[in-house]
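In what follows, a single structure is set out as structure tokens and then discussed.
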DNA sequence: CCAAACGGATAGCGTGACTATCCGTAACCG
DNA sequence: CGGTTACGGATAGTCACGCTATCCGTTTGG
């Protein structure tokens, strides 16, 4: 397969593919001459994955590079997914020490209920701290009561997730499925949540609900 | 409250607040003179909400404007939340008719199981169609089996969500809580899902898991 | 009464994700 | 064998977005 075919099959412009090659998102083709290369099915596959991570997952170019490098290195998935979903997580931690301690106590309570052991410095725990502080700062502390339920439900999701990939034959397939299932799975779950909210809202409030989530 | 105080309280630079005023994300203060204005607690509250939607929710300026206008109009929440989370949803629908029909059939199956009645043209249904096609196109169809489970779990989440806001005293509080709970709630749930995956993965595969989601 | 702050308008900036052009070489077609 | 086309690779330019900096005339407050 040559560049033009790769472009036609994937729908990605040639100039963009070249850009991805430069940035290391897609591996180079095999050179048959100093200025001619052959691409294979794996290149097309990788290109599709990159586009999905960029467009659906909303990752940055840099984050996608980290993910595909981790895939190629067969890195443990929880390391490989230490990547933020396009702005869903707070980067600056500008919360004061009192707020941090308060949030951390809530999270520790939830973890104890679920028998989770939290890793020190886990980026998702840090995100949760910022998120809980944001809820409080916005004056919506009454919503904090839902998070233990969310945690219970997250456990159920994780179980389903692991069962879906645990029986795959090769480590490579497991790693890529883990990435796809996690990052694209977020989007699927969010869409289903919105639909379920609409349904529940209509059921509770009638056809024209005042609120849904 | 004047501009400087609004800026100091929120941590948002004055020039940025002026930009938000221009873009209609924050309402103008009450003019006491042709070039002097007073801001109140509601302006600070709105400013914090705008920042949370931008930074945590990852919404664009335009999406935030749509959301706050809908809040001010007391729009039904399911309309008001017809806004994409920072790239989680596919904008272009470039899937062919056969793929669309295939995905739609899967979604209808899931909806039937959950007794959902899908609205025609629902943006989240469209998103799901694109997402399912992406899974298939990426060669991860084996992951499709998890989505009925996700739907069941989404129902549980929606129930928790509605209970959390159903007993608020005023419609205004319900609407803002719905927005905050939904958009920031997505981020909370995703963080909890990652943590639960790490926990389940360690439990299943030992300390260095090959995959987690 | 005057320095500092104000509201409002306009123009500029930095980043990120492409996109267009150019170059010299190689492949394909008759 | 000659010419058109496509190729890989490098470089520079473009565009949208989210601010940010400057200027202006007015007004506040010590």
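Just so you know, all these numbers are worked out from the coordinates, no wet-lab data involved. This is a predicted model, so every value here is computed, not measured. Note: ideal-geometry Cβ built from the backbone for every residue, glycine included; neighbour counts use all protein chains shown.
Counting Cβ atoms of other protein chains within 10 Å of each Cβ in A:121-132 and taking the mean gives 4. Projecting label points 7 angstrom from Cα along Cα→Cβ for residue A:18 and residue B:45 puts them 5.5 nm apart.
Computed across the range A:3-80, the Kirkwood hydrodynamic radius from all distinct Cα-Cα pairs reaches 13.0 Å. Entry note, chain B: the mean residue ellipticity at 222 nm calculated from DSSP H runs of n ≥ 4, each adding -39500 (n - 2.57), is -21000 deg cm²/dmol after division by the residues and rounding to the nearest 500. A quarter of the convex hull surface defined by the alpha-carbon atoms of the range A:89-153 gives 4.4 nm² as the mean projection. When a/c reaches 1.5 or more, the comparison of a/b and b/c decides; with that in mind, is the protein assembly as shown rounded, prolate or oblate per its Cα gyration tensor? Because a/c hits 1.5 or more and a/b exceeds b/c, the protein assembly as shown counts as prolate. Spread over its residues, the convex hull of the C-alpha atoms of the range B:107-213 is 140 Å³ per residue.
Highest-first packing order for the peptide set B:195-203, B:174-182 is B:174-182, B:195-203, based on the mean count of other beta carbon atoms within 10 Å. Per residue of B:170-177, other chain Cβ atoms within 10 Å of the residue Cβ number 3 on average. Counting Cβ atoms of other protein chains within 10 Å of each residue's Cβ and taking the mean over peptide B:108-117 gives 2. Dividing the mean sequence gap of close Cα pairs (under 8 Å, 6+ apart) by how many residues chain B holds gives a relative contact order of 16 percent. Could you work out how far helix A:123-137 tilts from the main Cα principal axis of chain A, as a 0 to 90 degree angle to the nearest 10? Taking Cα atoms only, the helix is inclined about 40 degrees.
In chain A, the longest principal axis of the Cα atoms and the axis of helix A:147-166 are about 30 degrees apart. Look at the alpha carbon pairs under 8 Å that are at least 6 residues apart: their mean separation over the length of the range B:3-80 gives a relative contact order of 25 percent. Could you tell me how many degrees, from 0 to 90 and to the nearest 10, lie between the Cα long axis of helix A:41-55 and the main elongation axis, the longest principal axis, of the Cα atoms of chain A? The angle comes out near 30 degrees.
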